[in-house]
Amino acid sequence: MARLSLLAWGLPLSLLLVGCSDDETEPGGPVPVRIESGDYAVRVSADAVDLLRRDDVLLSFPADAFVLGRVDEIDDATNYDPYPLVTGAPTATEPPGLSWQPAEKIRPTARDATSVTVTLTHSGGRTSTLSLSVDGDGRFGARFVPSAEGDAIAYLRLRPRVDGSEGFYGLGEVFDDVNHRGKVRAMQLEATGELESTNNEAHVPIPLLVGTRGWGLFVENPYPAAFDVAQGDAEHAEITFGTGAASGEGLSFHLLAAEHPLDVTRRYYDATGYPRLPARWALGPWVWRDENDDQAQVENDLAQIRALDLATSAYWIDRPYATAVNTFDFNPTQFPDAQAMIDKMHALGFRTALWHTPYLDEKDPATQALRDEATQKGYYPPERGLLLNKWGPPIDFTNPDAVAWWKSLVKKYIDMGVEGFKLDYGEDIVPGVFGARNVWKFSDGSDERTMHSQFQKLYHSTYSELLGDEQNFLLCRGGTYGDQTHVSVIWPGDLDASFAKHGETVDTGTDKYNAVGGLPASVVAGLSLGPSGYPFYGSDTGGYRHSPPDKELFTRWFEQTALSSVMQIGTSSNDVAWEATAENGFDDEMLGWYRKYVRLHLRLFPYEWTLAKRIAEDGRPIQRALGLAYPELGIHPNDVYLFGDDLLVAPVVERGVTSREVPLPPGTWVDYWTGVAHEGPGTLTVDAPLDTLPLFLRAGGIVPMLRPTIDTLAPTTDTANVDSFATTPGLLWVRIAPGAASSFALYDGTELTQAADSSEISLGTKGGAEFSLGTVFEVIGLGTKPASVTVDGQPLSEAADLDAAAEGYSYTDETGGTLWVKLGPGERAVTVTR
């Protein structure tokens, strides 16, 4: 796809921009025009508009990539959602006179050092304008606008040429495949009827397509859309927006380029805003029940978690807990002293959250006064379409007075000590069905054609503005582009409590349905959200539909969520790990495994929070699909991913499986549990008994962790019984697989280094603002006991009881030979002689 430009022949940019008249030509058309941002450029020629990294064409828009969808006339009653048309759905209704008019000619008409304006001539003689500009490092803005005269335009389409073999990521939350190649993705909920849920499960559609060659195409438009990702043609993506009467406003899009595809999301954040980080304590395990019986049950859960030594930082209460949805109280019969319950949570080192929605229950007299006030003051949308909930119309968050009123009500809970909310529903505003509009009107003049996307942002921002940044937990089902500045965590809604894949037909003997998907779908969802702008994801560990999970499913699920960005645990049948029933089959053996994995997740906090804080610098997802992290492998597995740079995770997502194949990236990867080293690239078959998550540490990898006794990240007043990071960060534990020289800089400024060769291992530590009390290095896979250990040039003594020693080292044969080195505070250097 690469083309020669005059810049490649050494001519200066100034000659190309101002030294040539519009009619100067070279073979094939006008002289190419090029605008640059560092190593990246957009080049406009008579043949195409190309996105370049140096002189390598990443993405190409030939003239016919800019397409107008003409109709006889724009009908205000018509829903111009293009998804049914693109997929050929039986319900699709083609507007009268629909024809597609691709451009045939490209001609630059105005230009300077940072922008180019292009006139496109389409079949039939109609013209449109393409404006291009440098917006930042590796980021170019574009706007495709049809001319005002002529036929009615209902659709705007981009049809860029892509590499025939590359993979595609982004596009928001999906459940079937991390690689979008060969798929058509809707940018809105669609009533397809193909799944048990009756919709396409597009709760977080993001119009950002990322190619594994290092480019991104983000279309900044809220109208209904469909992305055909090389389905009909392996070398083209086809992106269609149903802009209807708003077509004259054009289509704004961004061309993004980076050295590595993992870095494309940073360019997207530069355009839309960087993600809101959850509170630090939100990265510890969360527990909830779908329906709490009462206050006594909640308080018993809290006591059991601590008594059974189950590391947990927070607990949320799902519905029902209020007198009705939403009365902004606690039902006094069910929760006679809610404030005392919340105070007890805090005392035991738990943070508190509540389930919430944007409705007032119109079937319950308890909300009558609030509903009357909302009606009298115009806090509901002036015109309402179909409702997709059981309680009533949503609050009109386009009305500033309604927002202020709702905030004042939510604040009642915050004043009691509630620090987070699970924001459910709010997805009633869909564009339409069977070609007709689902008409909504809002106080700001908007309607469902844009608010199907934008309502979520307004809903979520109402809550996020009440909670301090990095001091909250907003767990949201839906989202849209730019909403990552409000939402801290996405959860995937109601997945199946099963091993079913998305769309798989399940026949239980008494029931048959097409599954939304269970554990395999959850893994895909988390990996698809990361490069789409939502780095924090937590599924319902155990699943929701068709609960309860059995012992095997629950175990495999908590193993996987222990190595995900957010670990939240709960099911629709109210299962908790310490309550065995005849249906779930839980037992003490499983509870032991559960204890191990929830603590592992909590202990990984320093590693994960460092990755979280780095997002502001590099934009990289925390969970990284293997095919996106290593595109050179040419594979895109749905069940293997990187957790940060150094941990490779290969969860078991099939029933009855006790071994699995793991594709290894280049380099040496050390089994986290056995210390055995394996060389990549290649495919490895590993044992995976039910109690084991296949997990590997990169040789040279450094994983900072909390102490093995940690119980919570949240503050506690019961310091004698609850070991909290908020009480003291304690010693920093650091797991290392020795290898080529590497370093890790923690979020607090702590610096860690390691380097290894055949004769010795060097370790270094320098405490930061929080981890200033000392370090315990845990070096795995050594094979044999070292000959000596020195610290700052002085011999270090072997300690019989390392826990009791101020400093020292110990060695065991566990994990392929493990050396522990315990050091006091300060900048320290360790030499281990093999």
Cβ-Cβ under 8 Å pairs, at least 6 apart or on other chains, the range 357-368 side farther than 14 Å from Tyr459 by Cβ, far side of a type in the set (Asp, Glu): Thr367/Asp361
Strands (runs of 3 or more DSSP E) enclosed by the range 718-823 - at least 3 residues per element that are open to solvent by less than 40 Å² (accessible area, probe 1.4 Å) and within 19 Å of Leu600 (Cβ to Cβ): 732-736, 775-779
Cross-chain or 6+ apart pairs with Cβ under 8 Å, the range 383-408 first and at positive phi and touching a residue at least 12 places away in the same chain (Cβ under 8 Å), then surrounded by 14 or more Cβ atoms within 10 Å (Cβ to Cβ) and part of a helix (DSSP H, G or I): Gly392/Arg371
Per-region count, the range 468-481, residues in contact with a helix residue (DSSP H, G or I) (Cβ under 8 Å, 6 or more places away or on another chain) and crowded, with 21+ Cβ neighbours inside 10 Å: 8
Qualifying residue in the range 94-115 (condition: closer than 30 Å to Gly435 by Cα, in contact (Cβ under 8 Å) with a residue 24 or more places away in the chain and acidic (Asp, Glu)): no
Subset of the range 38-61 (residues that are surrounded by fewer than 18 Cβ atoms within 10 Å (Cβ to Cβ) and in a strand (DSSP E or B)): Asp56
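Among what's in the range 248-266 and is under 26 Å from the mean Cα position of the chain (by Cα) and open to solvent by 10 Å² or more (accessible area, probe 1.4 Å), pick the residue that is farthest from His180 (Cα to Cα).
Only one residue fits best here, namely Ser252.
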Where Trp281 falls short, out of the listed (1) farther than 30 Å from Thr505 by Cα; (2) open to solvent by less than 10 Å² (accessible area, probe 1.4 Å); (3) aromatic (Phe, Trp, Tyr): (2)
Any pair with Cβ under 6 angstrom, 6 or more apart, that starts in the range 307-319 at a residue that is within 18 Å of Ala726 (Cβ to Cβ) and open to solvent by less than 10 Å² (accessible area, probe 1.4 Å) and ends at one that is assigned to a strand (DSSP E or B) and not aromatic (Phe, Trp, Tyr): Thr312/Val287; Ser313/Thr712; Ala314/Arg351; Tyr315/Val287
Complete set of residues in the range 110-126 that are among the polar types (S, T, N, Q) and modelled with pLDDT of 95 or more: Thr114, Ser115, Thr117, Thr119, Thr121
Residue check, Asp293 open to solvent by less than 20 Å² (accessible area, probe 1.4 Å), among the acidic types (Asp, Glu) and over 17 Å from the mean Cα position of the chain (by Cα): no
Count of the range 75-105 residues which are of a type in the set (A, V, I, L, M), open to solvent by less than 60 Å² (accessible area, probe 1.4 Å) and farther than 16 Å from Ala225 by Cα: 2
Checking Ala245 against (1) under 21 Å from Arg43 (Cα atoms); (2) surrounded by fewer than 23 Cβ atoms within 10 Å (Cβ to Cβ); (3) hydrophobic (A, V, I, L, M, F, W, C), the condition it does not meet: (1)
Unmet requirement for Trp281, which otherwise passes all of (1) part of a helix (DSSP H, G or I); (2) over 24 Å from the mean Cα position of the chain (by Cα): (2)
All positions within the range 88-109 that are acidic (Asp, Glu) and at pLDDT below 95: Glu94
Number of the condition not met by Thr265 [criteria: (1) in contact with a helix residue (DSSP H, G or I) (Cβ under 7 Å, 6 or more places away or on another chain); (2) assigned to a helix (DSSP H, G or I); (3) under 30 Å from Thr571 (Cβ atoms)]: (3)
Residue, most open to solvent (accessible area, probe 1.4 Å), within the range 212-242, restricted to residues that are without any contact (Cβ under 8 Å) to a residue 40 or more places away in the chain and not acidic (Asp, Glu): Gly232
Options Ala148, Ala92, Ala110, Ala103; residue that is outside any loop (DSSP other than H, G, I, E, B) and either among the charged types (D, E, K, R) or touching a helix residue (DSSP H, G or I) at 6+ places or on another chain (Cβ under 9 Å) (or both): Ala103
In the range 296-306, residue least open to solvent (accessible area, probe 1.4 Å) [restricted to those that are touching a residue at least 12 places away in the same chain (Cβ under 8 Å) and under 13 Å from Ala338 (Cα atoms)]: Val298
Residues being under 21 Å from Pro82 (Cβ atoms), open to solvent by less than 10 Å² (accessible area, probe 1.4 Å) and in contact with a His (Cβ under 9 Å, 6 or more places away or on another chain) - total across the range 177-200: 1
Residues located in the range 694-706, provided they are open to solvent by 10 Å² or more (accessible area, probe 1.4 Å) and either in a strand (DSSP E or B) or more than 30 Å from Val640 (Cβ to Cβ) (or both): Arg698
Any chance Ser547 is of a type outside the set (Lys, Arg), part of a loop (DSSP other than H, G, I, E, B), within 30 Å of Ala769 (Cα to Cα) and in contact (Cβ under 8 Å) with a residue 12 or more places away in the chain: no
Pairs, first over 18 Å from Val657 (Cβ atoms) and open to solvent by less than 10 Å² (accessible area, probe 1.4 Å) in the range 491-502, second among the polar types (S, T, N, Q) and in a loop (DSSP other than H, G, I, E, B), C-beta under 8 Å, six or more apart: Trp491/Ser539; Pro492/Ser539; Leu495/Ser539
Test for Asp639: is it in contact (Cβ under 8 Å) with a residue 60 or more places away in the chain and out of contact with any Pro (no Cβ under 9 Å at 6 or more places or on another chain): no
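The values are calculated or read from the model by the stated rules, or taken from the named source; none is laboratory data. All values reported here derive from a predicted model rather than from experimental measurement. With ideal geometry, Cβ positions are generated from the backbone for all residues, glycine too; neighbour counts draw on all protein chains shown. The accessibility values were calculated without ligands, DNA or RNA, using every heavy atom of the protein model including side chains. Shrake-Rupley method; radii C 1.70, N 1.55, O 1.52, S 1.80 Å.
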